[in-house]
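What follows draws every value from the coordinates through simple rules; no lab data is involved. Just so it is clear, the structure is predicted and the values come from calculations on it, not from any experiment. All Cβ positions, even for glycine, are placed from backbone atoms using ideal geometry, and neighbour counts span all protein chains on display.
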Amino acid sequence: MPETLEATYRIVTPMFIGGADQTPSDGIRPPALKGALRFWWRALNWGRCLREARDEAAALRLLHQGEARLFGLAADGEASGQGCCLLRVDTEARTLKKASLPSASAGHQYLLGLGLYHFRDQYLREAIAPGEVRVTLRFRPGTTTDQRLSVAQALMALGLLGGLGSRARKGFGALAIQTLAGTELAVPATADELAGALADLSADRLDSLPPFTAFSRHSRIDLLPVAHRDPWRLLGDIGNEMQRYRSFGQNGKVAGQPAERNFPDDHDLALAVTNGDQVDCHPRRAVFGLPHNYFFSSSKQKAEFNAVAPKPGGGWSDLGSHRRASPLFLHPHQFPDGSVAGLVTLLPAQFLPEDWSIGLKAKGPMRRVEADPDWGVLHAFMDRFRERRNLLEARS
């Protein structure tokens, strides 16, 4: 394998990325891209490390060492240093001012959330417009063929399932890989090729639930074929389905449509929390990620649900100081010929560290309950889409 990898991606949905000022004036910086590659590299290589180490603690050490050798380690001590690959990012994408961003349907607004969209002010941040991104990785002498291949696989996974920036797991800032040079891996051009590529990338899937977001035999990837070539419209359609599935609604309506009210138990539980009643569980929809909060317009009361961790000196962290990212990834994908397909990926893993809890806060002091994720809630959402194609055999 050559000592250079070159990947070309297309940004297919607006990318909300930026520095401290939350503007995209710096474009896509190498650390952001490298961080995404680290994530997908870990997700792909956990099964291999566990198979080789046979013990979870040893596998975590093996994974950490492999990641540090490839991408570097910023830490004090002898283990710190640069990785074996140097990364460069070039993009011709332009900045979209808030007024220039595409019109957001109810589905888009639901996925954007309060941090990016307000019903009165509309978009709250600028974004990078759809366009081309070129990534070059140069490997230092001594890098092995297997190491270079593993980085090429991470580049591919990022461009088939992921993206960059805020709400990347909700399909914003989606990166669709168009070309990949310097490796024998072929960029999929059809749905069948995509299915084969993802099966090969995630071949090291073991039965046990990973301790962090990674591929296992519990993983599921569904392909949603569409008849048009508009990734933005596709993302809005997926968002509309999620809103209808998850929302209790107001006055029996969700975005102008009859409310399905699939989770009345969640509604009643959150209402009980606002009333100060004793509860011993969390809403089932918390499996979509934390925080998971409620506001009741009739009473103006709020109920907050978030991850809480034990403090070293005793007690518990403040509610809201920790998050649990969604295990569900939405990805509007655009093939090199311009055709579009939707990918919905579920990567179940240990929901929270063993000594953590889910905190419940409304009236009175915070209460804690054990995290008990119902993965069936996410499978039921994925089952809503007709003519979907399950690309991996998943185990509930």
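Data for the structure
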| read-out | value |
| --- | --- |
| Helical mean residue ellipticity (222 nm; -39500 (n - 2.57) per DSSP H run of 4+; nearest 500) of the chain | -9000 deg cm²/dmol |
| Equivalent-ellipsoid semi-axes of the chain, from the Cα gyration tensor, Å, largest first | 34, 26, 21 |
| If the convex hull is drawn through the Cα atoms of region 4-187, its volume per residue in Å³ | 142 Å³ |
| Relative contact order computed over region 162-303 (Cα-Cα under 8 Å; 6+ residues apart), in percent | 9 percent |
| FRET efficiency, 1/(1 + (r/R0)^6) with R0 25 Å, evaluated for Ala255 and Asn275 via beta carbons | 0.35 |
| Contact order relative to length of the chain, as percent, for alpha carbon pairs under 8 angstrom and 6 or more apart | 20 percent |
| Partners for Lys98 among lysines (Cα-Cα distance below 28 Å; same-chain residues under 8 apart left out) | Lys34, Lys170 |
| Residue among Tyr117, Leu62, Val308 farthest towards the positive dipole end of the chain, charges placed on Cβ | Tyr117 |
| Cα-based helix-to-principal-axis angle, 56-71 vs the chain, degrees rounded to 10 | 60 degrees |
| Likely footprinting exposure, Met15, Met366, fewest C-beta neighbours within 10 Å first | Met366, Met15 |
| Percentage relative contact order, region 4-187, counting C-alpha pairs under 8 Å, at least six apart | 40 percent |
| Residue order, fewest to most surrounding Cβ atoms within 10 angstrom, among Asp55, Asp268 | Asp55, Asp268 |
| Within straight-line cross-link reach of Lys302, lysines at Cα separation under 21 Å, skipping those fewer than 8 residues along the same chain | Lys253, Lys361, Lys363 |
| Normalised per residue, the volume of the convex hull around the Cα set of region 151-235 (Å³) | 121 Å³ |
| Inter-part distance where region 139-210 and region 315-349 are each reduced to a Cα centre, Å | 15 Å |
| Cα coordinate range in region 1-58, projected on the principal axes (Å, largest first) | 46, 31, 20 |
| Kirkwood Rh, Cα atoms: Rg over Rh of region 305-396 | 1.12 |
| In Å, descending, principal axis extents of the Cα set of region 231-390 | 57, 40, 23 |
| Sorted by Cβ neighbour density within 10 Å, fewest at the top, the residues Trp46, Trp316 | Trp316, Trp46 |
